[in-house]
Amino acid sequence: FAAPLVQAGLAPDGTGHLSLRLPLAAPAMPPLPAALAIAGTKAPLLFDGEALSGEVSLPGIAPWWPHTHGEPALHSLAVTLADRHRLDLGRIGFRRIEVDRGADGRGFALRINGEAVFCRGAAWADPDPTDPRALLAQARDAGLNMIRIPGTLPPPDAGFLHACDALGLLLWLDLPYARLDYPANDAEFRAQAASEARQILAATQGSPSL
């Protein structure tokens, strides 16, 4: 299989919603009967000739919170094949993020799972890209609840995302081209920038901290 595409969200009534698409790395015959498994629930995965895909709803799922507001709950996600083989896909969190524009419509604040969150953060300067967790843990212990990766740095890898998820740190990710003026009127450049943004989001959208 190729890298999975995961989308997870939390409805206002506390129901978690998860969709999974697991592309085949190469053309193949239909795989064995498959299901996604999370939080004690299984849902079938269907094969469309290119990938396995499916969705599941999870009423009352424990939500993911920034550590300043609650527990950053994570749930193991896996795919089972014919109930004999298991493919672990890591841990997933369920949260809802909204922008609060204020009474006059001109503000900008974040609400996580319906709660207002005052974001206290710092910009990441990439001092130790091989093991970010120790420094991220210090940021959490100092009371920060957000880390920003500027657009001049490479996008975070899976290890960085997983650390932020587990520590309950929100991750503000600048897209590339966020810091300078670029030829926005150039159609070819715009297409390239949009393609890069889609690739970054496809690789990171399963992370509840993002």
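Structure summary
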| read-out | value |
| --- | --- |
| Where R91 falls short, out of the listed (1) open to solvent by 70 Å² or more (accessible area, probe 1.4 Å); (2) over 22 Å from R140 (Cβ atoms); (3) part of a strand (DSSP E or B) | (2) |
| Some residue of segment 7-24 being on the phi > 0 side of the Ramachandran plot and touching a Pro at 6+ places or on another chain (Cβ under 9 Å) | yes |
| Subset tally (residues that are farther than 22 Å from D13 by Cα, of a type in the set (A, V, I, L, M) and either free of Cβ contacts under 8 Å to residues at least 24 places away in the same chain or open to solvent by 10 Å² or more (accessible area, probe 1.4 Å) (or both)) for segment 38-60 | 2 |
| Single residue of segment 168-184 satisfying the filter (over 14 Å from the mean Cα position of the chain (by Cα) and in contact (Cβ under 8 Å) with a residue 24 or more places away in the chain) that is most open to solvent (accessible area, probe 1.4 Å) | R179 |
| Filter result for S19 (assigned to a strand (DSSP E or B), within 20 Å of the chain's Cα centre (by Cα) and under 15 Å from P208 (Cβ atoms)) | yes |
| Candidate set from segment 61-70 (those that are in contact with a strand residue (DSSP E or B) (Cβ under 8 Å, 6 or more places away or on another chain) and within 22 Å of N145 (Cα to Cα)); member that is most open to solvent (accessible area, probe 1.4 Å) | H69 |
| Exclusive hit being open to solvent by 60 Å² or more (accessible area, probe 1.4 Å) and touching a helix residue (DSSP H, G or I) at 6+ places or on another chain (Cβ under 8 Å), set L32, L5 | L5 |
| From A73, A78, residue being within 25 Å of D141 (Cα to Cα), under 18 Å from the mean Cα position of the chain (by Cα) and open to solvent by less than 20 Å² (accessible area, probe 1.4 Å) | A73 |
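The values are calculated or read from the model by the stated rules, or taken from the named source; none is laboratory data. Quantities reported herein were computed from a predicted structural model and do not represent experimental measurements. Quick reminder, even Gly has a Cβ in these numbers, built from the backbone with ideal geometry, and neighbours come from all protein chains shown. Surface areas here come from the heavy atoms of the whole protein model, side chains and all, with no ligands, DNA or RNA. Shrake-Rupley method; radii C 1.70, N 1.55, O 1.52, S 1.80 Å.
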